[in-house]
Amino acid sequence: MLTKSAMRLQGLKMSKVTVRLKDIADRTGFSTNTVSLALRDSPRIPLETRRLIREAAETLNYLPNFIAKSLVSRETKTIGLVLTDITNPTLTRTAQAIELALAERGYATLFATSNNNFDEEHKVLELVRSRQVDGILIYPTGHRRLDHLRQLRQANQPVVLLVGDPDAGVDAVGVDERIGAYKATRHLIDSGHRRIGLIDTANPAGNLEKREGYQQALSEAGIIFEPELAVDPRGHSVVRGFLAMGELMSRKERPTALFAANDSLALGALRWCIKNNVLVPNEIAIIGFDNIEYAEHAGVPLSTVNYPVDILTDLAVERLMELIGVSGLLPAPRVTQIEPEVIIRESTLRAK
């Protein structure tokens, strides 16, 4: 049978106990004001006193009340980061880089995912805003459906898109996907290819910058775009790339080269070729987009368009910090587009 004191101790262990500054003050014999200053490492408090107070706070498992702090400072030191797909290797790398960059500046990151669903994006943004974040970084589901994000900007909410749409009306830092796709297709053309396949979305409400860059390169080279050489994978994964490649290679006249909208799709296409004894690059050259880690180490190392995660992260976080630091109305939106480079590997280099 438990004694009253044992029952009380058990109850304390089971309940959520909030340690206050007063508790630390009672334990150490200092005033609550001295404790508060010591925990903020104020030089007004002697080093030895600061050490004793920090030790007491650690023993009591004290956690700062960030909600109370935010009410005073009007900042939560939290940034919302909204992704479209947590399984996308490029977005995962970017999210990690952003989290580290924000942590260096004393900010925590609140992650959320729209799962490439426009309605879900609205819900996620409401959730993020309800947490009183100081700013938002977002990969929007649709590059051309930004009215809800413009409204946030007009309400003086610091928001930075992670896609560089020059007509966004919102601050944006992103890779110029149109020019990246143009360069990839141009590389295939310069390698002697005229029948160049495309695996990318055909959804008019989707993100068509890469398709536009592909078609621009064909047009400038005097090559007529053939719709039968373009396949919508209806997704972004390796499996979708594999299936789309099977559909593309069933055409009566096969392409001699392929541009895939991301490396996962390109790896799926490469897998189809290996399984069906189609030689890469001698029978078909393949180039992707993003330069994910697996691309370089594929069965046939994959040519690709580099996605400069570090540059994008630095510029986007820097811009968001600038906006957060503005005390009045936000300045006019600024859009920064990063021109990516093509990385040439074995998948597009024909043996001579």
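Brief remarks follow.
- Considering each residue of segment 192-213 in turn, none proves to be over 20 Å from Gly180 (Cβ atoms) and β-branched (Val, Ile, Thr).
- Set side by side, the residues Asn277, Asn203 differ, and just one is open to solvent by 50 Å² or more (accessible area, probe 1.4 Å), without any contact (Cβ under 8 Å) to a residue 60 or more places away in the chain, on the phi > 0 side of the Ramachandran plot and not hydroxyl-bearing (Ser, Thr, Tyr), which is Asn277.
- Scanning segment 233-247 for residues that are on the phi < 0 side of the Ramachandran plot and buried (at least 17 other Cβ atoms within 10 Å of the Cβ) gives Pro233, His236, Ser237, Val238, Arg240, Gly241, Phe242, Leu243, Ala244, Met245.
- Selection within segment 209-232 - open to solvent by 70 Å² or more (accessible area, probe 1.4 Å) and not charged (D, E, K, R): Gln216, Ser219, Ile224, Pro227
- Of the helices (runs of 4 or more DSSP H) lying entirely inside segment 139-256, the ones with 1 or more residues being within 23 Å of Leu349 (Cα to Cα) and of a type outside the set (Lys, Arg) are found at 177-190, 209-220, 238-248.
- Within segment 121-139, the set of residues being touching a strand residue (DSSP E or B) at 6+ places or on another chain (Cβ under 8 Å) and either free of Cβ contacts under 8 Å to residues at least 24 places away in the same chain or among the aromatic types (Phe, Trp, Tyr) (or both) comprises Leu127, Tyr139.
- Single unsatisfied condition, Phe66 versus (1) surrounded by 15 or more Cβ atoms within 10 Å (Cβ to Cβ); (2) at pLDDT below 85; (3) touching a strand residue (DSSP E or B) at 6+ places or on another chain (Cβ under 9 Å): (1)
- Boolean, Leu265 is touching a Ser or Thr at 6+ places or on another chain (Cβ under 8 Å), modelled with pLDDT under 95, farther than 18 Å from Ile338 by Cβ and open to solvent by less than 40 Å² (accessible area, probe 1.4 Å): no
- Here Gly169 fulfils each of the conditions (1) in contact with a Lys or Arg (Cβ under 9 Å, 6 or more places away or on another chain); (2) closer than 23 Å to Glu228 by Cα; (3) open to solvent by 10 Å² or more (accessible area, probe 1.4 Å) apart from (2).
- Filtered residues of segment 297-352 (kept if in contact with a Ser or Thr (Cβ under 8 Å, 6 or more places away or on another chain) and in a strand (DSSP E or B)): Ser303, Val342, Ile343
- For segment 28-45, filtered to residues that are modelled with pLDDT under 90 and among the hydroxyl-bearing types (Ser, Thr, Tyr), the residue that is nearest to Pro64 (Cα to Cα) is Ser36.
The values are calculated or read from the model by the stated rules, or taken from the named source; none is laboratory data. Predicted model only: the values in this text are computed from it and were never measured. FYI the Cβ positions are ideal-geometry reconstructions off the backbone, even for glycines, and counts take in every protein chain you see. Ligands, DNA and RNA are excluded from the accessible area calculation, which covers all protein heavy atoms including side chains. Shrake-Rupley method; radii C 1.70, N 1.55, O 1.52, S 1.80 Å.
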